[in-house]
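The values are calculated or read from the model by the stated rules, or taken from the named source; none is laboratory data. Computed from a prediction, not measured in an experiment: that's the story for all the values here. No Cβ is skipped: glycine too gets one built from the backbone with ideal geometry, and neighbour counts run over all protein chains shown.
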Protein chains: 2
Amino acid sequence: MRNEFQAWQEAYLAQINAALEEYLPAEGGSFNAIRRAMRYSVSAGGKRIRPTLTLEFCRIFGGDPVSALPVACAVECLHTYSLIHDDLPCMDDDDFRRGRPSCHKEFGEAEALLAGDALLTFAFELIASAPERTSADPLRCLKASRILAEKAGVLGMVGGQVMDLETEGTSLDAQTLTEIHRLKTSALLEAACLCGAVMAGADEAGCQCAEKYARNLGLAFQTVDDILDVTSTSEELGKPVGSDAENQKVTFVSLYGLEKAKELAEQTTRAAAETLALLPEQGFLLELTEQLLSRRS
Amino acid sequence: MRNEFQAWQEAYLAQINAALEEYLPAEGGSFNAIRRAMRYSVSAGGKRIRPTLTLEFCRIFGGDPVSALPVACAVECLHTYSLIHDDLPCMDDDDFRRGRPSCHKEFGEAEALLAGDALLTFAFELIASAPERTSADPLRCLKASRILAEKAGVLGMVGGQVMDLETEGTSLDAQTLTEIHRLKTSALLEAACLCGAVMAGADEAGCQCAEKYARNLGLAFQTVDDILDVTSTSEELGKPVGSDAENQKVTFVSLYGLEKAKELAEQTTRAAAETLALLPEQGFLLELTEQLLSRRS
């Protein structure tokens, strides 16, 4: 199963990277820096967890993953924009991202701001052009566009960033911290899974399952992030470790201690896996969920 | 006609402002600053030229303007995001906008960045939710979503900002300056007019007319902007005059001189009006075009 899973994951990865390469505005010509900046940040993408979830949720609900490729890539572009803007000096002021200079260190602040804006805008262009690109159903595309906008907006991901910003330096309780992570991390994973389900025409119950799975996956994912910031090395992470403690950031680790945080990660991972049990052909997703819990970076 | 035009314009304005008030995420609750920031910047909106164009183009092509209200408001939200990000310190670093402190002066840089991101995202949420809000046709909504994304993206408005940025301090020729303004200013006006036409189900020829009109209107609009920066007062403009000269910005005035720039504004306004002559019931749009040329702020 493990080898089969890996081959499967790599096939998705290759499909997603090829599609991103095809879809993103081509480099070249004059005033090229912004297109280079967009591709620079998107290409630092790693495992493409979000678009992989979109494709797989489309598949398990009986859809053709290929038809969901533009939507999957839209989720990845939106994710990338959020990282670029998050790294800006007025936000987290991070100089590195995945072992490379962050977008504004490489291209300057104004270009990074605009590259983020362009990627966010491009995400919606991709979804709206999916019927032409892959014969995706236009009504499902409009639904996906709404889901992505809602989950990424002020009542979703951006709302989480605001909460994060405004609670900086204050002592958080577990409930508020969980809400921040639900918005900052889970919301976009929910969009990824839901969009996949919607592109396959899944019914309401199926969509609810996809959303619930993603919510728990996001919490597990974030808790593991918090743990790795304490237990990993800079080489493994591709960014400085211990930055949470240095920035006096409240995390699940600072709130509960390392052991209890590990329990929490396992517990939310288990909750995600239990939701999957309600779905058909959940083998790949179970492995993926497990992999995210045990990752080292 | 003049009075009739004014009443008409005010009716649109009231409709647009009421819709924005209804649609935008409500203020209140915790972590409210971002929702306040979004409303702060949207409410500084003035004449709502772009959404007015959307509604009127919908009307003249036989559609119900009410059905296009969410799309019209989406164009305005997108326009507002572009102003917020444009004013940021890493971009134009403007402290004032329409006589009030710009968003980042009022709310801080991070909140302004996020308020812009949220408004951009919200624009696409509005379009995708239009079928539910106003029984708009979903296929037309998807088309409008694509148009807005294309015109606002890296090959449209954002592309224009990049060109503007990268040519700063260099000597521009008229062709490059025109291209910058076509992207920075005309592209979003094109989206406004095209989206209105599309929401009415206009045919290809009608859409081309709408786009051509908007392109010339944008160039006229920008040329008048350049002229006002030299001839107006700070009180009238609500922002410092002479900033173009101070920033050594190449404008149509610096390139051609004031008289020739005025000629150019008249010429592009005439070109816009001539395109309108091909359309039915163009009276309102002719007055609007005329008004934009003769404005004092």
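B:PRO280 - would you say it is under 30 Å from B:ALA202 (Cβ atoms) and either in contact with a helix residue (DSSP H, G or I) (Cβ under 8 Å, 6 or more places away or on another chain) or not in a loop (DSSP other than H, G, I, E, B) (or both)? Let's see the steps before the verdict.
On the way: under 30 Å from B:ALA202 (Cβ atoms): yes; either in contact with a helix residue (DSSP H, G or I) (Cβ under 8 Å, 6 or more places away or on another chain) or not in a loop (DSSP other than H, G, I, E, B) (or both): yes.
So B:PRO280 passes the test.
Among the residues of the stretch B:226-277, what is the count of those that are without any contact (Cβ under 8 Å) to a residue 24 or more places away in the chain, closer than 22 Å to B:GLY45 by Cβ and out of contact with any helix residue (DSSP H, G or I) (no Cβ under 8 Å at 6 or more places or on another chain)?
Qualifying residue count for the region: 3.
Restricting attention to the stretch A:144-177, which residues are within 19 Å of the chain's Cα centre (by Cα), of a type in the set (D, E, K, R) and at the interface with chain B (Cβ under 9 Å from one of its Cβ atoms)?
Let us first name the residues in the stretch A:144-177 that are within 19 Å of the chain's Cα centre (by Cα), namely A:144-164, A:177.
Filter once more, so that each one left must be of a type in the set (D, E, K, R): A:146, A:150-151, A:164.
If the condition is that a residue be within 19 Å of the chain's Cα centre (by Cα), of a type in the set (D, E, K, R) and at the interface with chain B (Cβ under 9 Å from one of its Cβ atoms), then A:ARG146, A:GLU150 are the ones that fit.
Kindly list the number of the only condition in (1) within 24 Å of A:GLU76 (Cα to Cα); (2) surrounded by 22 or more Cβ atoms within 10 Å (Cβ to Cβ) that fails for A:LYS212.
For A:LYS212, the failing item is (2).
Can you confirm whether the stretch A:25-33 contains a residue that is away from every other protein chain (no Cβ under 14 Å), among the hydroxyl-bearing types (Ser, Thr, Tyr) and within 29 Å of B:LEU88 (Cβ to Cβ)? Break it down into steps so the answer makes sense when it comes.
Here is the first cut: in the stretch A:25-33, the ones away from every other protein chain (no Cβ under 14 Å) are none.
Checking the stretch A:25-33: not a single residue is away from every other protein chain (no Cβ under 14 Å), among the hydroxyl-bearing types (Ser, Thr, Tyr) and within 29 Å of B:LEU88 (Cβ to Cβ).
Looking for something closer than 28 Å to B:ASP87 by Cα and of a type in the set (Gly, Ala, Ser) - is there at least one such residue anywhere in the stretch B:260-280?
Yes: the stretch B:260-280 contains one or more residues that are closer than 28 Å to B:ASP87 by Cα and of a type in the set (Gly, Ala, Ser).
Is it the case that A:VAL66 is surrounded by fewer than 24 Cβ atoms within 10 Å (Cβ to Cβ), in a helix (DSSP H, G or I), more than 8 Å from chain B (Cβ to nearest Cβ) and touching a helix residue (DSSP H, G or I) at 6+ places or on another chain (Cβ under 8 Å)?
Numbers: surrounded by fewer than 24 Cβ atoms within 10 Å (Cβ to Cβ): yes; in a helix (DSSP H, G or I): yes; more than 8 Å from chain B (Cβ to nearest Cβ): yes; touching a helix residue (DSSP H, G or I) at 6+ places or on another chain (Cβ under 8 Å): yes.
Taking the combined requirement at face value, the residue satisfies it.
Please count how many residues of the stretch B:158-185 are of a type outside the set (A, V, I, L, M) and in a helix (DSSP H, G or I). Show your work before the answer.
First, the residues of the stretch B:158-185 that are of a type outside the set (A, V, I, L, M): B:159-161, B:164, B:166-171, B:173, B:175-176, B:178-179, B:181-182, B:184-185.
Add one more test, that the residue is in a helix (DSSP H, G or I), and what stays is B:159-161, B:164, B:166, B:175-176, B:178-179, B:181-182, B:184-185.
Number satisfying all stated conditions: 13.
Determine, yes or no, whether B:ASP87 is within 14 Å of chain A (Cβ to nearest Cβ), closer than 30 Å to B:ASN247 by Cβ and at pLDDT below 95. Talk me through it step by step, then tell me what you get.
On the way: within 14 Å of chain A (Cβ to nearest Cβ): yes; closer than 30 Å to B:ASN247 by Cβ: yes; at pLDDT below 95: no.
No: the conditions fail for B:ASP87.
Among the listed residues B:ARG36, B:ARG2, which satisfies the condition of being at pLDDT below 95, surrounded by fewer than 22 Cβ atoms within 10 Å (Cβ to Cβ) and more than 21 Å from the chain's Cα centre (by Cα)?
Working: B:ARG36 fails: at pLDDT below 95.
Exactly one of B:ARG36, B:ARG2 is at pLDDT below 95, surrounded by fewer than 22 Cβ atoms within 10 Å (Cβ to Cβ) and more than 21 Å from the chain's Cα centre (by Cα), namely B:ARG2.
Based on this model, can you work out whether B:LEU264 counts as under 30 Å from B:GLY169 (Cα atoms), in contact with a Phe, Trp or Tyr (Cβ under 8 Å, 6 or more places away or on another chain) and either in a helix (DSSP H, G or I) or small (Gly, Ala, Ser) (or both)?
Judged against the criteria, B:LEU264 is a match.
For the stretch B:105-143, which positions are within 8 Å of another protein chain (Cβ to nearest Cβ) and more than 27 Å from B:ASN32 (Cβ to Cβ)?
Of everything in the stretch B:105-143, those that are within 8 Å of another protein chain (Cβ to nearest Cβ) and more than 27 Å from B:ASN32 (Cβ to Cβ) turn out to be B:PRO131, B:PRO138, B:LEU139, B:CYS141, B:LEU142, B:LYS143.
Counting only residues that are under 18 Å from the mean Cα position of the chain (by Cα), give me the helices (runs of 4 or more DSSP H) lying completely in the stretch A:198-257 with at least 1 of them. Step through it out loud before you land on a result.
Details: elements: A:204-231, A:234-237, A:243-246, A:252-256.
Those helices (runs of 4 or more DSSP H) span A:204-231, A:234-237.
Mind checking which residues of the stretch A:186-225 are free of Cβ contacts under 8 Å to residues at least 60 places away in the same chain and under 13 Å from A:LEU276 (Cα atoms)?
A:ALA205, A:CYS207, A:GLN208, A:GLU211, A:ARG215, A:ASN216
State the number of residues belonging to the stretch A:178-199 that are over 30 Å from A:ASP137 (Cα atoms) and either of a type in the set (Ser, Thr, Tyr) or away from chain B (no Cβ under 14 Å) (or both).
Of the residues in the stretch A:178-199, 2 are over 30 Å from A:ASP137 (Cα atoms) and either of a type in the set (Ser, Thr, Tyr) or away from chain B (no Cβ under 14 Å) (or both).
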